[in-house]
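Taking it in order: structure first as structure tokens, then the write-up.
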Amino acid sequence: MDMVYVSLFVTTFFGFFAVMDPIGAVPLFIVMTENNTEAERCQMTRRATVAALLVLLFFGITQMWLFSFFGFTMGAFRVAGGLFLFLIAFEMLTAHTTGAKQSEEEKSEGVEKTDISITPLAVPLLAGPATIASVVLAFGKAQNFIGTLTVTLAVVGVCVATYGILRISGRVQRLFGNTGIKVVSRMMGLILAAMAIQFAADGLAELFPALRNTLGAS
């Protein structure tokens, strides 16, 4: 049983890391904070990651109440979430921006603002629709308290890793360069695309049980 939770933690961590894509966010973070001091960047990064974590945990933990309130099932959300995540993955793979993760207006606002910690850094860059969808889907896989705790730890771990990457964003930029960051982002996009397809397949199997053997959903 322990290996089940280890597998859940690993898949959730890397899947969520691919969605949040903190390495891909480094160039934008540098541009938006070029007029801030190092101390201000540190404070904004800390506030942003804490705010993003709270937003994500809220949606993850209250998912069943939200489903009941709006009257849809986890299966329907898995299909919709999978399709949306695939759109984000397509953006990452092709470097083609559709505005699904962050609009041009939000990027411009970030450049102009002196404090970007809550918007647009925490929301929507870190905790946007795609990351919220992935967290809700991840919590939906948890079958009991230990599973929920495992997913929570994975989400916390990714937020901590994101904080660390943004804190050393200058060094990350110099280490990878713009080309290297794009390559890493495309790799994350490939992982996310596979996740998105599996989420949609699981959702279809839940909505249409006759498809379960065909789709191989768990």
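The values are calculated or read from the model by the stated rules, or taken from the named source; none is laboratory data. Not measured: the values here are computed from a predicted model. Don't worry about glycine lacking a Cβ; one is built from the backbone with ideal geometry, like all the others, and counts go over all protein chains shown. SASA here: full protein model, heavy atoms, side chains in, ligands and nucleic acids out. Shrake-Rupley method; radii C 1.70, N 1.55, O 1.52, S 1.80 Å.
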- Does the range 205-213 include one or more residues that are crowded, with 20+ Cβ neighbours inside 10 Å and within 20 Å of the chain's Cα centre (by Cα)? no
- Considering residues of the range 40-71 that are among the aromatic types (Phe, Trp, Tyr) and open to solvent by less than 80 Å² (accessible area, probe 1.4 Å) only, the residue nearest to Ala194 (Cα to Cα): Phe59
- Query: Would a scan of the range 126-133 turn up a residue that is modelled with pLDDT of 90 or more, assigned to a loop (DSSP other than H, G, I, E, B) and over 15 Å from Val19 (Cα atoms)?
  - Reply: no
- Just one listed residue, out of Gly110, Gly147, Gly140, is closer than 22 Å to Leu66 by Cα, open to solvent by less than 50 Å² (accessible area, probe 1.4 Å) and at pLDDT below 90, and it is Gly140
- Query: Are there any pairs, at least 6 apart or on different chains, whose C-beta atoms fall under 7 Å, with the first in the range 39-54 and within 16 Å of Leu125 (Cα to Cα) and the second among the aromatic types (Phe, Trp, Tyr), and if so, which?
  - Reply: Thr45/Tyr163; Arg46/Tyr163; Thr49/Tyr163
- Task: Please tell me if Thr179 is assigned to a helix (DSSP H, G or I), buried (at least 20 other Cβ atoms within 10 Å of the Cβ) and of a type in the set (S, T, N, Q).
- Result: no
- Query: Is at least one residue of the range 30-37 without any contact (Cβ under 8 Å) to a residue 24 or more places away in the chain and loosely packed, with under 15 Cβ neighbours inside 10 Å?
  - Reply: yes
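Here is a list: Ala18, Ala80, Ala52, Ala76. Which entry is part of a helix (DSSP H, G or I), of a type in the set (A, V, I, L, M, F, W, C), in contact with a Cys (Cβ under 7 Å, 6 or more places away or on another chain) and modelled with pLDDT of 90 or more? Full working, then the answer.
On the way: Ala18 fails: in contact with a Cys (Cβ under 7 Å, 6 or more places away or on another chain); Ala80 fails: in contact with a Cys (Cβ under 7 Å, 6 or more places away or on another chain); Ala76 fails: in contact with a Cys (Cβ under 7 Å, 6 or more places away or on another chain).
The conditions single out Ala52.
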- Just give me the residues in the range 137-159 being outside any helix (DSSP H, G or I) and small (Gly, Ala, Ser), in sequence order. Ala142
- Message: Can you find a residue that is among the polar types (S, T, N, Q), surrounded by 15 or more Cβ atoms within 10 Å (Cβ to Cβ) and touching a helix residue (DSSP H, G or I) at 6+ places or on another chain (Cβ under 6 Å) anywhere in the range 123-132?
- Response: yes
- Query: Hey, among the residues in the range 150-173 that are among the aliphatic types (A, V, I, L, M) and over 26 Å from Glu38 (Cα atoms), which one's surrounded by the most Cβ atoms within 10 Å (Cβ to Cβ)?
  - Reply: Val151
- For residues in the range 84-96 being open to solvent by 30 Å² or more (accessible area, probe 1.4 Å) and more than 22 Å from Leu204 (Cβ to Cβ), which is modelled with the highest pLDDT? Leu93
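Give the number of residues within the range 72-83 that are aromatic (Phe, Trp, Tyr) and open to solvent by less than 60 Å² (accessible area, probe 1.4 Å). Can you show your working first?
Pass one, the range 72-83, residues aromatic (Phe, Trp, Tyr): 72, 77.
Applying the additional criterion that residues be open to solvent by less than 60 Å² (accessible area, probe 1.4 Å) yields 77.
Total meeting the criteria: 1.
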